[in-house]
Structure formats: C-alpha cells, structure tokens
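Before any comments, here is the structure.
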Amino acid sequence: MDNIIFGATNDSLYDDFSNLMQVEFDMSMMGELKFFLRLQIKQTNEGIYIHQTKYVKELLKKFKMDDAKQRKTPMYPTTILRLDEESKNVDEKTYRRMIGSLLYLTCRSNFMMMNQAILMMLKAQVIDSRSSIKNPIQDSRFKRRNQEATSQDFI
C-alpha cells in the first residue's frame with residue numbers, strides 16, 4: 001500500500017488533482033489529514049498546527065509515568081548527586097528505551113523546522129523562476145518573503 005498526501009490553497013486545483021489521481025490510480029480519499037508519522041495535525045482558519053501530544057501521552061503511559069507530577073525543572077539545581085547503594089538498580093534496557101524515545105521526540109522538532117525552511121526556499125525559487133537569480137538565499141527579496149511567510153504557505 002502506497003500513500004500520498006497532498007493539499008492546496010485553491011479548491012479548484014485540489015479537486016482537479018484529486019480527480020486526475022483517482023482516474024489514473026486505484027485510490028480512495030481519506031479526508032483531512034489528522035495524524036502522520038506520530039505527528040498530530042490540526043488545521044484551522046488561523047493556520048496549521050503540528051504537535052505530538054498523543055505520542056507524549058503514549059510515552060508517559062508506556063514508562064508508567066502518566067500519573068507523575070509535572071515539574072518545570074525535574075531536579076533542584078542545587079541538588080548534589082551521590083552514589084545510592086541502598087536503592088535497587090535501574091533497568092538498563094528501560095532506561096535506554098526512555099532516552100531513545102526522548103531523543104526521537106526532541107529531534108522531530110528540528111526535523112520539522114528544517115523541512116519548513118526547505119519549503120520556504122523552494123517556494124522562493126518558484127516565485128523567482130522568471131528572474132535571472134538562481135539562488136534564493138542570496139536574494140534580498142527572499143529574506144523579506146521569509147519573514148512574511150505563514151504556516152498557510154506550506155500546505
């Protein structure tokens with residue numbers, strides 16, 4: 001099974017592309033995108049919001065931390081760490097899974113920001129395709145468009 005995700009800011013173009021794809025390939029329309037690769041996508045009139053609330057809740061439940069109290073700082077900054085020979089040892093496999101899950105969660109944010117930057121560059125290249133400038137980063141117009149861009153531009 002292959003998947004395709006597409007969107008458009010123009011309803012007419014969206015319908016044309018959808019009809020063309022359905023004629024060419026055996027496919028069905030699943031509706032508005034809500035989840036993709038552990039990301040939750042919420043589309044509103046104000047913009048598109050991407051978050052991982054469900055994944056975080058699953059992680060907390062998986063590691064039996066769903067009833068833990070929230071803290072801004074997990075440990076007081078003045079705490080002195082010492083060897084605790086009385087407590088039982090931490091399960092190394094569980095610890096590694098927890099750290100791996102947290103790394104995956106935090107790296108996703110950087111990955112999403114990088115993709116957004118690439119999309120902005122591609123959009124600038126399409127807009128500037130009629131000009132002689134080939135590298136949008138060197139163009140001062142790209143910098144202005146970069147600052148004015150919104151999440152609506154990256155569907």
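The values are calculated or read from the model by the stated rules, or taken from the named source; none is laboratory data. Keep in mind that what you see is a predicted model, and the values were worked out from it rather than measured. Note that we place each Cβ from the backbone using ideal geometry, even for glycine, and neighbour counts take in every protein chain shown.
For region 7-44, give me each residue that is loosely packed, with under 11 Cβ neighbours inside 10 Å, under 19 Å from the mean Cα position of the chain (by Cα) and either assigned to a loop (DSSP other than H, G, I, E, B) or among the polar types (S, T, N, Q) (or both).
Glu32, Leu37, Thr44
So, of the residues in region 62-100 that are acidic (Asp, Glu), over 25 Å from the mean Cα position of the chain (by Cα) and part of a loop (DSSP other than H, G, I, E, B), which turns out to be surrounded by the most Cβ atoms within 10 Å (Cβ to Cβ)? Please lay out each step first, then the result.
To start, the set of residues in region 62-100 that are acidic (Asp, Glu) comprises 66-67, 84-86, 91-92.
Remaining after also requiring over 25 Å from the mean Cα position of the chain (by Cα): 67, 84-86, 91-92.
Filter again for part of a loop (DSSP other than H, G, I, E, B), leaving 67, 84-86, 91.
Working: Asp67: 7, Asp84: 8, Glu85: 5, Glu86: 5, Asp91: 10.
The selected residue is Asp91.
Please determine, by comparing only the residues of region 51-61 that are in contact (Cβ under 8 Å) with a residue 24 or more places away in the chain and assigned to a helix (DSSP H, G or I), which one is surrounded by the fewest Cβ atoms within 10 Å (Cβ to Cβ). Explain how you work it out, then say what you get.
So the first thing to find is which residues in region 51-61 are in contact (Cβ under 8 Å) with a residue 24 or more places away in the chain, and the list is 52, 55-56, 59.
Then drop every residue that is not assigned to a helix (DSSP H, G or I), which leaves 55-56, 59.
On the way: Tyr55: 18, Val56: 14, Leu59: 18.
So, considering only residues that are in contact (Cβ under 8 Å) with a residue 24 or more places away in the chain and assigned to a helix (DSSP H, G or I), the one surrounded by the fewest Cβ atoms within 10 Å (Cβ to Cβ) is Val56.
From the list Leu60, Leu105, Leu37, Leu81, which one is closer than 30 Å to Ile4 by Cα and modelled with pLDDT of 80 or more? Before the answer, list the steps.
Working: Leu60 fails: closer than 30 Å to Ile4 by Cα; Leu37 fails: modelled with pLDDT of 80 or more; Leu81 fails: closer than 30 Å to Ile4 by Cα.
Just a single option satisfies the conditions, and that option is Leu105.
Which numbered condition in (1) without any contact (Cβ under 8 Å) to a residue 60 or more places away in the chain; (2) touching a helix residue (DSSP H, G or I) at 6+ places or on another chain (Cβ under 7 Å) is the only one that Ile48 fails?
Exception for Ile48: condition (1).
Which residues, taken from region 66-112, are of a type outside the set (Lys, Arg) and touching a strand residue (DSSP E or B) at 6+ places or on another chain (Cβ under 8 Å)?
The one that is of a type outside the set (Lys, Arg) and touching a strand residue (DSSP E or B) at 6+ places or on another chain (Cβ under 8 Å): Met112.
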